[in-house]
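Visitor: Sharing a structure, written as structure tokens. Questions coming.
What follows draws every value from the coordinates through simple rules; no lab data is involved. Every value quoted in this text rests on a predicted model; they were computed, and no experiment measured them. Positions of Cβ are generated from backbone atoms using ideal geometry, with glycine treated the same way; all protein chains shown enter the neighbour counts.
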Amino acid sequence: MHGPLIETLARQGVTRRTFMKYCATLASMMALPPAAGRAMAEAMAAAPSASKRPSVIWLPFQECTGCTESITRSHSPTLEGLIFDVISLDYQETLMAAAGHQAEEALHAAMKANEGKYLLIVDGSIPLGLDGAYSCIGGKSNLETLKEVAKGAAAIVAMGSCAAYGGLPRANPNPTGAVSVADIIKDKPIINIPGCPPIPVVMTGVLAHFLTFGSLPELDKLGRPKAFYGETIHDRCYRRPFYDQGKFAKTFDDEGARNGWCLFELGCKGPITHNACATVKWNGGTSWPVESGHGCLGCSEPDFWDGGGFYKALSMPANPLKMVAGAAAVGVAVGVATSVLNRGKKGAARAAHEKTTLADLEK
């Protein structure tokens, strides 16, 4: 396997073996067949010259730059050495060297040269208040820019919970009138990659899928890739056995917390949050919030900020063992009652039969 990307990675100290392992991991995480890993590797390794690489335009709107910070810290191979050498990132205010008129010229040149083909990434919500005046770039509101750039896009990636749902800017009372990308754009394929911020490898995985197959991965009802958002945090959490046993930490520093017991009663939103944190983790697979001792905030779900309090337990049974035991007790009671009732019916029928037989004999 040869190509400009392989040579670039080699200069950065990334071996071909590491690159293949990375692609195989991405394919596995996305529930793709083993051959897909090699297909990803070959597609990215065969990246053409810069003038022919897939064009990507990234628009940062009402956001905190956390999504950009997260994706540029994707673990080995680095995103800069992998995705950025496969695509042509033609516009991204935080990362590009150009500014002012030069940046705007680069944006419009990329739109014109790649009309109908470029991938549009958006992070940050879009404010509608005061006719969009809360956030403007180059003399245009975010709303104007989004509509203009989305027209020629092949597909749109809403990166982070702000772009996917409106995020923290949309939290009550939503002073800027923040909305999501999907609230505005209705005629383009949109893939939501929520999280505050999203997991780096989720973002690179989606980009790698698009670059390899020219299409978006399978999505759930909220437009999220099923491979990463198909199960809840609770489904894969290593503390789940303690939940099933009814063992819960009552404070963040009690004996239960020190023993790794479930954080449900401390407000963990894992049972209702769909994401891959429990399996993919953060910082190159080092850890994740629940492993570090803090409950899940539910940041990949809509309106998580207004969900009733980060440290308030969900309104559902907090002791499944008692519920199971209670259900079992009810089941036993019903079974006993049914058995007694059946025996009573059989006894009455037998007595009636015996009485009838005796009457027949007396005749």
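Visitor: Between Asp235 and Leu95, what length in nm is gained on full extension when 0.36 nm per residue of separation is reduced by their alpha carbon distance? Display every interim value, and only then the final one.
Guide: Details: separation 140, 0.36 × 140 = 50.40 nm, distance 3.67 nm.
Gain in length upon complete extension: 46.7 nm.
Visitor: Hey, can you grab everything whose amide H is under 5 Å from the amide H of Asp123? Only 5+ residues off in sequence or another chain; H modelled, so Pro and N-termini drop out.
Guide: Long-range HN contacts for Asp123: Leu59, Phe61, Met159.
Visitor: Separate question: Restricting everything to alpha-carbon atoms, can you work out Rg to Rh for segment 233-306 with a Kirkwood hydrodynamic radius? If you can, show how the numbers build up before the last one.
Guide: Values: Rg = 11.8 Å, Rh = 12.4 Å.
Expressed as Rg/Rh, it is 0.95.
Visitor: Continuing with the same structure: Lys147 to Glu69: FRET efficiency via 1/(1 + (r/R0)^6), r the Cβ-Cβ distance, R0 25 Å, to the nearest 0.05?
Guide: 0.40
Visitor: If you add up the charges near Leu107, with Lys and Arg at +1 and Asp and Glu at -1, over every other residue whose beta carbon is less than 12 angstrom from its beta carbon, what do you get? Provide the component values of the computation, followed by the final result.
Guide: Values: positive: Lys112, Lys140; negative: Asp90, Glu93, Glu104, Glu105, Glu148.
The answer is -3.
Visitor: State whether segment 121-178 is rounded, prolate or oblate according to the following rule on the C-alpha gyration tensor (a ≥ b ≥ c being the square roots of its eigenvalues): a/c under 1.5 gives rounded; otherwise a/b larger than b/c gives prolate, and the remaining case gives oblate. Present the calculation step by step, with values, prior to reporting the outcome.
Guide: Values: a/c = 2.64, a/b = 1.23, b/c = 2.14.
Oblate shape, in that a/c is at least 1.5 and b/c is the bigger or equal ratio.
Visitor: Next question. Find which of Gly270, Ala208, Thr232 sits farthest along the positive direction of the dipole of segment 183-314, computed with +1 on the beta-carbon of Lys and Arg, -1 on that of Asp and Glu, about the Cα centre.
Guide: Value computed over the given set: Ala208.
Visitor: Give the distance, in whole Å, between the Cα centre of segment 238-256 and the Cα centre of segment 131-145.
Guide: A separation of 48 Å, based on Cα centres.
Visitor: Label Asp187 and Asp131 with points 7 Å out from Cα along Cα→Cβ: what is the distance between them in nm?
Guide: In this crude spin-label approximation the distance works out to 2.4 nm.
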